[in-house]
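The values are calculated or read from the model by the stated rules, or taken from the named source; none is laboratory data. In this text the structure is predicted, and so the values were computed from the model without any measurement. Using ideal geometry, Cβ is built from the backbone for each residue, glycine included, and neighbour counts are taken over all protein chains shown. The accessibility values were calculated without ligands, DNA or RNA, using every heavy atom of the protein model including side chains. Shrake-Rupley method; radii C 1.70, N 1.55, O 1.52, S 1.80 Å.
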Amino acid sequence: MNDAAQSPKATFKRVMLKISGEALMGDQGFGLHPPTVQRIAQEVKSVHDMGVEICMVIGGGNIFRGLAGSAQGMERTTADYMGMLATVMNALAMQSALEAIGVYTRVISAIRMDEVAEPYIRRRAVRHLEKKRVCIFAAGTGNPYFTTDTAATLRANEMTCEAIFKGTKVDGVYDKDPKKFDDATRYDTITYDDVLQQHLGVMDASAIALARDNNLPIIVFSLDEPGGFRGILAGEGTYTKVHG
Ligand code: UDP
């Protein structure tokens with residue numbers, strides 16, 4: 001029996017997984033922590049084994065953020081391109097970790113670098129998904145002044161994903177920081193407008209607005225919880241659903 005046959009039926013057919021670059025750095029405070037990358041790759045594989053088509057966007061904040069660069073006197077657009085290049089490094093690290101465990105992938109870059117990654121061609125990316133290749137979308141939107149949250153929402157819409165899974169350090173959206181306040185409460189569901197009005201920091205405002213305008217649900221869950229991603233796809237676990 002193959003892995004898909006042993007798996008519970010998934011509640012989604014095609015999803016976007018968005019993780020920040022910082023999710024890959026472990027406790028190091030900077031850069032890539034290979035065991036952490038490998039652990040997340042296993043989480044992705046376990047969902048892939050259910051037959052779910054998976055898109056991924058990984059941020060670059062563990063290496064470089066445009067805003068931080070421009071705060072130190074660097075020209076903003078240049079700094080943003082450096083941030084986009086950082087996301088390509090993270091995408092390649094994830095590709096390597098996934099392929100080491102037998103999951104076929106494509107890194108698809110919004111900035112052409114043909115020796116390293118495929119250029120973004122929507123129909124080709126859709127075909128990869130149909131062939132069960134994990135598509136890792138790199139270099140953000142290819143434009144400065146955007147973030148990878150917006151890139152994830154854009155690509156999720158283009159790839160007709162049914163939801164964006166935003167992997168974080170906590171198991172959903174809280175009314176205040178649960179790491180600082182014991183009485184913080186988690187929302188099971190919350191509207192896009194409430195997230196925006198209450199500045200809840202799920203994703204940046206442009207990403208939330210783009211998801212809202214296209215009615216694309218955002219599922220916020222903990223990536224630190226082993227099996228959490230797969231559990232939610234199987235209809236279990238705790239998370240917050242951001243919806244219209
Ligand atoms: N970035 C950009 N355009 C995009 C996506 C990303 O200019 O479409 C740059 C921006 O400088 C950003 C950096 O890439 O700070 C890294 O992305 P992000 O901050 O979203 O990473 P994360 O916080 O998710 O790790």
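Taking the stretch 1-104 as the region of interest, the helices (runs of 4 or more DSSP H) fully inside it that hold 1 or more residues being within 16 Å of the ligand (Cβ to nearest atom) and open to solvent by less than 20 Å² (accessible area, probe 1.4 Å) are 34-48, 66-71, 76-100.
When M159 is tested against the conditions (1) within 14 Å of the ligand (Cβ to nearest atom); (2) touching a Cys at 6+ places or on another chain (Cβ under 7 Å), the lone failure is (1). In the stretch 162-183, which residue that is open to solvent by less than 70 Å² (accessible area, probe 1.4 Å), modelled with pLDDT under 95 and out of contact with any Ser or Thr (no Cβ under 7 Å at 6 or more places or on another chain) is nearest to the ligand (Cβ to nearest atom)? That would be D177.
Summed over the stretch 143-171, residues that are of a type in the set (D, E) and under 21 Å from A86 (Cα atoms) total 1. Scanning the stretch 105-117 for residues that are within 25 Å of T36 (Cα to Cα) and open to solvent by 50 Å² or more (accessible area, probe 1.4 Å) gives R106, V116. Screening the stretch 129-147 for residues that are assigned to a loop (DSSP other than H, G, I, E, B) and more than 6 Å from the ligand (Cβ to nearest atom) and picking the one that is farthest from G66 (Cα to Cα) gives K131. Find all pairs meeting these conditions: Cβ atoms under 9 angstrom apart; at least six residues apart or on different chains; first residue within the stretch 226-244 and free of Cβ contacts under 8 Å to residues at least 12 places away in the same chain; second residue in a strand (DSSP E or B) and among the aromatic types (F, W, Y). Listed by first residue and then by second, the contacts come to G231/F221. Here I108 meets each of (1) free of Cβ contacts under 8 Å to residues at least 40 places away in the same chain; (2) within 14 Å of the ligand (Cβ to nearest atom); (3) in a loop (DSSP other than H, G, I, E, B) with one exception, condition (3). Among residues of the stretch 150-171 that are more than 11 Å from A207 (Cα to Cα), those with a beta-carbon under 7 Å from a residue that is within 14 Å of the ligand (Cβ to nearest atom) and part of a loop (DSSP other than H, G, I, E, B) at least six positions away or on a different chain give the pairs K166/V202; K166/M203; G167/L223; T168/L223. Residues of the stretch 199-240 that are open to solvent by 50 Å² or more (accessible area, probe 1.4 Å), within 24 Å of M25 (Cα to Cα) and either acidic (D, E) or in a strand (DSSP E or B) (or both): D224, E225. Residues that are open to solvent by 10 Å² or more (accessible area, probe 1.4 Å) and of a type outside the set (K, R) were ranked within the stretch 118-127; the one that is farthest from the ligand (Cβ to nearest atom) is V126.
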